[in-house]
Amino acid sequence: MPQHKTPITTKILIAMLLGLLLGSLINQFAQNIDWIQHGLVNGLFYVVSAAFVNALKMLVVPLVTFSLICGVCGIGDVSTLGRVGIKAFALYLLTTGLAITLALTVALLISPGQGFETTASLGNFTAKPAPPLTEVLINIVPGNPIQAFAEGNMLQIIFFVILFAIALLMTGEKGQPLVDLADRLNEVMMNVVTLVMDFAPVGVFFLMAKTFSEQGFGLIIPMIGYFSVVVLCLILHCLGTFSLLLHFLAKLAPATFFKKMRSAQIFAFSTASSNATIPITLQAVEKRIGVNNATAAFTVPLGATINMDGTAIMQGVATVFIANVYGINLEFSDYLTVIGMSILASIGTAGVPGVGLIMLAMVFNQVGLPVEGIGLILGVDRVLDMLRTVVNITGDATVTSIVGRSENELDDSIFNDPNAGIITDVELPHKS
Ligand code: ASP
């Protein structure tokens with residue numbers, strides 16, 4: 001009898017729901033039970049979930065490095081590389097621009113925050129200084145590549161690795177063994193991703209249990225207006241903007257695309273970090289959707305760093321919300337500033353948890369909204385961070401697919417095969 005194997009995504013999804021349930025129950029009923037708080041939430045849950053997020057982060061730098069070397073050498077000529085880069089960059093700006101415009105429009109129509117009691121829980125928010133644009137531009141070039149790798153500075157790593165790979169191509173025959181080596185190491189790293197994925201149901205379970213035992217849904221109730229407008233815009237952008245772009249520009253069926261992105265989306269949701277999700281996004285885009293490594297290796301890590309549609313949406317809604325709460329009238333020109341600022345801010349900041357709020361402080365400073373107003377939305381930000389990270393990485397994959405299609409680097413037979421790239425049980429090698 002053929003054995004039915006459950007795909008890992010289904011297991012992770014179940015683990016995620018169970019973790020969410022357990023966490024919420026603890027939040028509701030066990031806030032004051034010492035052994036649960038110390039032994040479980042800050043003990044077992046914390047240790048396993050933090051180790052799991054570390055395991056994901058551990059994959060990012062080596063995977064991006066080897067895969068980008070293969071990608072650049074696979075493209076093989078600098079003008080094509082430049083073209084791919086310009087297309088991806090332009091599309092990332094476009095989708096972020098569309099996202100923030102959508103958010104501002106919907107938020108202005110619904111107008112959340114009117115009549116809101118400001119005396120409500122004003123969390124403590126002090127804005128960390130955001131890097132000025134000049135610094136952002138200078139810092140794309142790493143003064144010390146080893147430091148860039150050690151710190152996992154994605155833009156610097158991308159910059160150095162692209163130069164290195166171009167130099168490898170220039171070196172010709174002598175460079176070829178290194179290209180082959182990168183290719184092998186890339187295969188190996190993809191297998192490391194598979195191994196970590198095998199552990200994912202456990203990791204995701206504890207991650208969700210930890211997050212929701214601290215978060216709870218109670219905080220959302222007073223902020224329900226703001227919260228639901230952000231969620232509405234995230235859904236509209238995903239199902240509307242992305243679907244249209246996928247259909248018309250990438251010539252892909254959106255429903256199949258979203259299905260194939262599910263595992264990456266679950267990782268993004270549970271970690272709230274586009275950066276930590278890069279390995280899974282890469283796996284999904286290459287092995288499940290069929291974009292060639294030559295394109296994806298470049299556009300996915302770039303997108304995780306500079307493209308944050310979900311974050312831009314939160315910023316648009318938050319701007320309107322806080323302006324309403326404080327009764328501040330924003331002009332049309334202010335909204336244009338918000339659009340420009342949030343696009344710029346998303347380029348300069350990495351995809352890690354909570355960075356959206358730092359970017360929001362930049363936007364508020366620019367249009368003269370009180371930065372301490374961010375304290376109001378702090379309480380619900382973790383859950384929104386998880387949701388917007390899903391949209392962020394879906395945007396990265398959408399743009400990657402469009403660029404892949406336009407470069408003839410998208411394999412429809414992989415996209416149309418429902419089982420392509422599915423991970424079931426990992427088969428470990430055994431000596432016989
Ligand atoms: N957590 C988001 C990301 O990693 C960024 C943010 O909105 O805070 O993509």
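The values are calculated or read from the model by the stated rules, or taken from the named source; none is laboratory data. Predicted model, so just to flag it, every value in this text is computed and none were measured. Cβ coordinates were reconstructed from backbone atoms using ideal geometry, including for glycine residues, and neighbour counts include every protein chain displayed. For accessibility, only protein heavy atoms count, side chains too; no ligands or nucleic acids. Shrake-Rupley method; radii C 1.70, N 1.55, O 1.52, S 1.80 Å.
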Taking the 0 to 90 degree range and rounding to the nearest ten, how far is the long axis of helix 355-367 tilted relative to the main principal axis of the chain, both from C-alpha atoms?
60
Find the Rg to Rh ratio for the range 1-71, where Rh is the Kirkwood radius over alpha-carbon pairs and Rg uses the same atoms.
1.17
Using only the Cα atoms of the chain, what are the Rg and Dmax in Å?
21.8, 74
Computed Rg/Rh for the range 119-260 (Cα atoms; Rh = Kirkwood radius) stands at 1.07
What are the residues whose amide H is under 5 Å from the amide H of Gly351, where those residues sit 5 or more places off or on another chain and H is modelled from the backbone?
Asn275
Counting only protein heavy atoms and a 1.4 Å probe, tell me what percentage of the chain's accessible area is made up of carbon and sulfur.
65
Convex hull over the Cα atoms of the range 379-424, averaged projected area in nm²?
4.5
Mind putting a number on the dipole of the chain about its Cα centre? Charges go on the C-beta only, +1 for Lys and Arg and -1 for Asp and Glu, and I need it in Debye to the nearest 20.
480
Phi-derived 3J(HN,Hα) across the range 300-311 with the Karplus relation (6.51, -1.76, 1.60, θ = phi - 60°), rounded Hz, x for Gly and Pro, is 5, x, 4, x, 4, 8, 9, 10, 9, 5, x, 5
Note, ³J(HN,Hα) from phi for the range 368-380, Karplus 6.51, -1.76, 1.60, rounded to Hz, x at Gly and Pro
x, 8, x, 5, 5, x, 4, x, 5, 8, 4, x, 9
Taking amide H positions as placed 1.01 Å from N in the peptide plane, with prolines and chain starts having none, which residues 5 or more places from Leu252, or on another chain, fall under 5 Å of its amide H?
His247
Of the cross-linked pairs Lys57/Lys260; Lys11/Lys210; Lys57/Lys174; Lys11/Lys87; Lys210/Lys251, which ones have a Cα-Cα span greater than 29 Å in the structure shown?
Lys57/Lys174; Lys11/Lys87; Lys210/Lys251
If contacts are Cα pairs under 8 angstrom and at least 6 residues apart, what is the relative contact order of the range 276-412 in percent?
44
Given DSSP loops and a limit of at most 11 other Cβ atoms within 10 Å, what is the longest stretch of the chain that contains no such GluC sites (Glu not before Pro)?
118-330
Can you tell me the Rg and Dmax of the range 211-297, counting just the alpha carbons, in angstroms?
15.7, 48
Within 10 Å of each candidate Cβ there may be at most 16 other Cβ atoms; applying that plus a DSSP loop requirement, which trypsin sites (Lys or Arg not before Pro) in the range 226-296 survive?
Lys251
Taking a probe of 1.4 Å, how large is the accessible area per residue of the chain, in Å²?
44
Per DSSP helix of 4 or more residues, -39500 (n - 2.57); summed, then divided by the residues of the chain. What does that give at 222 nm, rounded to the nearest 500?
-23000 deg cm²/dmol
Per-residue ³J(HN,Hα) for the range 56-61, Karplus 6.51 cos²θ - 1.76 cosθ + 1.60, θ = phi - 60°, Hz, x for Gly and Pro
5, 4, 4, 7, 4, 4
